[in-house]
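To keep things clear, I will list the structure first and then write my remarks on it.
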Amino acid sequence: MKLPRQDLTWPAYGFAYLIGAAWGYRLQNKWLLGKEGRQILLSGEWFTFAVLMVVFWMNFASGTIKAVDQQLYGSPSFTVLSALIVGVCSGTFAGRAFKVWRA
């Protein structure tokens with residue numbers, strides 16, 4: 001099944017992904033303690049779990065809204081908002097991975 005309003009959804013997701021990647025890249029400085037060879041040392045943090053939960057609950061809410069109210073699910077405001085939220089969250093992982101790779 002294709003996404004509703006792809007003309008809005010993909011650009012919003014791509015923009016949010018880039019913002020999230022930049023944010024994740026900067027945040028990783030706090031948790032990256034060192035790198036030696038192929039091993040990295042990270043401090044404990046809560047951010048990863050929080051971002052994973054936001055993605056989980058956004059997907060849950062999206063599925064629920066799709067089952068309950070098709071009109072809302074296909075509306076531009078819902079599709080763009082959900083794409084922005086999931087895009088920022090997904091991008092943080094790419095930014096953090098890039099920071100570790102460059103360290």
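Descriptive notes on the structure:
- Conditions (1) surrounded by 13 or more Cβ atoms within 10 Å (Cβ to Cβ); (2) touching a residue at least 12 places away in the same chain (Cβ under 8 Å): number failed by residue 59: (1)
- Any pair with Cβ under 8 angstrom, 6 or more apart, that starts in the range 22-35 at a residue that is on the phi > 0 side of the Ramachandran plot and ends at one that is part of a helix (DSSP H, G or I) and buried (at least 16 other Cβ atoms within 10 Å of the Cβ): none
- Residue in the range 55-76 that is aromatic (Phe, Trp, Tyr), over 20 Å from residue 91 (Cα atoms) and in contact with a helix residue (DSSP H, G or I) (Cβ under 9 Å, 6 or more places away or on another chain) present: yes
- Taken together, 65, 19 contain a single residue that is over 19 Å from the mean Cα position of the chain (by Cα), of a type in the set (A, V, I, L, M) and part of a helix (DSSP H, G or I), which is 65.
- When 20, 87 are checked against the criterion of being touching a Phe, Trp or Tyr at 6+ places or on another chain (Cβ under 7 Å) and at pLDDT 95 or above, a single residue qualifies: 87.
- Residue match in the range 22-42 (condition: more than 30 Å from residue 99 (Cα to Cα) and in a helix (DSSP H, G or I)): no
The values are calculated or read from the model by the stated rules, or taken from the named source; none is laboratory data. Computed from a predicted model, the values in this text were never measured in an experiment. Please note: Cβ atoms are built from the backbone with ideal geometry, for glycine as well, and neighbour counts cover all protein chains shown.
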